[in-house]
1. What are the pairs, 6+ residues apart or on separate chains, where a residue within the stretch 303-321 that is touching a residue at least 24 places away in the same chain (Cβ under 8 Å) has its Cβ under 6 Å from a residue that is part of a helix (DSSP H, G or I) and acidic (Asp, Glu)?
2. Of the residues ARG333, ARG303, which is assigned by TED's automatic domain parsing to the domain that holds PHE373 and farther than 17 Å from HIS354 by Cβ?
3. Which of the residues spanning the stretch 260-271 are surrounded by fewer than 18 Cβ atoms within 10 Å (Cβ to Cβ) and either of a type in the set (Val, Ile, Thr) or at pLDDT 90 or above (or both)?
4. State which residue is surrounded by the most Cβ atoms within 10 Å (Cβ to Cβ) when the search covers only the stretch 62-108 and only residues that are among the polar types (S, T, N, Q) and without any contact (Cβ under 8 Å) to a residue 40 or more places away in the chain.
5. Only one of (1) over 12 Å from LEU314 (Cβ atoms); (2) in contact with a Lys or Arg (Cβ under 6 Å, 6 or more places away or on another chain) is not met by LEU329, so which one is it?
6. Go through the residues of the stretch 185-204 one by one and say whether even a single one is over 24 Å from TYR301 (Cβ atoms), in contact with a helix residue (DSSP H, G or I) (Cβ under 7 Å, 6 or more places away or on another chain) and among the polar types (S, T, N, Q).
7. Taking the stretch 174-186 as the region of interest, how many residues are under 11 Å from the mean Cα position of the chain (by Cα) and either outside the structural domain of ASP242 (by TED's automatic domain parsing) or not small (Gly, Ala, Ser) (or both)?
8. Could you tell me whether the stretch 111-119 includes any residue that is modelled with pLDDT of 85 or more, over 39 Å from the mean Cα position of the chain (by Cα), closer than 23 Å to GLU12 by Cα and in a helix (DSSP H, G or I)?
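The values are calculated or read from the model by the stated rules, or taken from the named source; none is laboratory data. Keep in mind it's a predicted model, so treat the numbers as computed, not measured. No Cβ is skipped: glycine too gets one built from the backbone with ideal geometry, and neighbour counts run over all protein chains shown.
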Amino acid sequence: MSDRILVVDDEEIIRESMSFVLRKEGYTVTEAANGKEAYDKLLADTYDLVITDLEMPEMKGIELLDKTIQLNPQSLVMIITAYGSLDTAINALRKGACDYILKPLEFDELLVKIRRLLEYKKLTLENQILRREVNREYDFSHLVGKSPEMQKVFDIIQKVSGTESTVLVTGKSGTGKELVARAIHFNSLRSMKPFIAVNCGAIPETLIESELFGHKKGSFTGAVMDKAGYFKAADCGTLFLDEISEMPLQLQVKLLRAIEQREITPVGTSTPQQIDVRLIASTNRTLLAEVEAGRFREDLYYRLNVVEIRLPSLTERKADIPLLVEHFLDKYRRELRRNIKGVGNDVMLLLMQHEWKGEIRELENIIERAMIFTEGEFITLKDLPEFLHTEPRVQIDGASLEGAINDFEKQYILAVLRKHGFDKEKAAQDLKISLPTLYRRIKDLAITQ
């Protein structure tokens, strides 16, 4: 669809000449002989660009500019003015016009200006959409959980996001450590600046220094040009060092200096460069044990661990599994364009019992796979991977039989309640028990929404 342009000028020859040239370039052009006529057209339709003369009968260009911005702030406005009215054109720029062109019109210049303005508008809109998507992807709504363990995590994230403190995120692989790092960044004062994520374990030991700190041309074989490095790429923003425990010991001292001195020295030079970077690190190992084993510097450990956010495993927060299932169902309904309403009770029961060694990442993969293969409105047992059907259904954790039964009953009732949006009457029908019995079990098992 071509860009829509409204041309407004009371001089017919100028208006028609401009329209003719713009239509030849492929634009969709509408004409108006004065400001009042143009305003009526703006009320009825939207335009990507309005090109208007300043001096016109019934409504002048400045007033039309104001009304255009009020009606549709995304419409661009270009002013046509005579050389003697340049001060008025400058005033129009202050009021929100994007550009101006002088009479007599040079059509080549006009086309260059229009292309530039419309390309700028396109890039601005794409940037706004991207920013909304990024923020939507990493706001708190995508850190799913109502369990006490996750509420503690949310509380720490909210408190630390507004600071400049270094954060260490710990937890098993698949628990969402990068998601937490991104949530901290996008809720911080640095949110409009870069977020750079680096997996320390994925970079060869011989290259990690130049990848982090940059290098000068000719500093080693293969360095055919200067390279800035990840620290410079994240300048004024946030650098996330994932799996920090994989960083070679000899490089840890340089990382410590970068944090403390706020400066780096690229490979092949002795001149330090100033940086302004907030650091967030993560690990799936116990760093104190790594320190005791001599594989991690103690001073770096304490410099990184200003604030620690420990992510609980899925085994520790099984009450969140129904919420996570619904979250991933909603995500893949959109991505796969499948109208899957939910999972059967027997499926939820199986998911609640599974030992999630791959943590949340494993749960997400299973839901995505099930949504691909299911043929009905609800995911059934046959849609799940075979290993889920063959593994032992009960894990022994040292609890008494009564305690294990109560814990399972609590999780199961909670899953059904969440399925029905805590409509207790529907939940009771699904559980095939009376409403008074459900209320009694909710009270006895201390179930909360």
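1. These pairs meet every condition: PRO312/GLU149; LEU314/GLU359; GLU316/GLU149; ARG317/GLU149.
2. None of the other options fit; the residue is ARG333.
3. Passing the criteria: GLU260, GLN261, ARG262, GLU263, THR265, THR269, THR271.
4. The extreme case among them is THR68.
5. Status for LEU329: all satisfied but (2).
6. The answer is yes, given that some residue of the stretch 185-204 is over 24 Å from TYR301 (Cβ atoms), in contact with a helix residue (DSSP H, G or I) (Cβ under 7 Å, 6 or more places away or on another chain) and among the polar types (S, T, N, Q).
7. Residues flagged as under 11 Å from the mean Cα position of the chain (by Cα) and either outside the structural domain of ASP242 (by TED's automatic domain parsing) or not small (Gly, Ala, Ser) (or both) within the stretch 174-186 amount to 4.
8. No, that holds for no residue.
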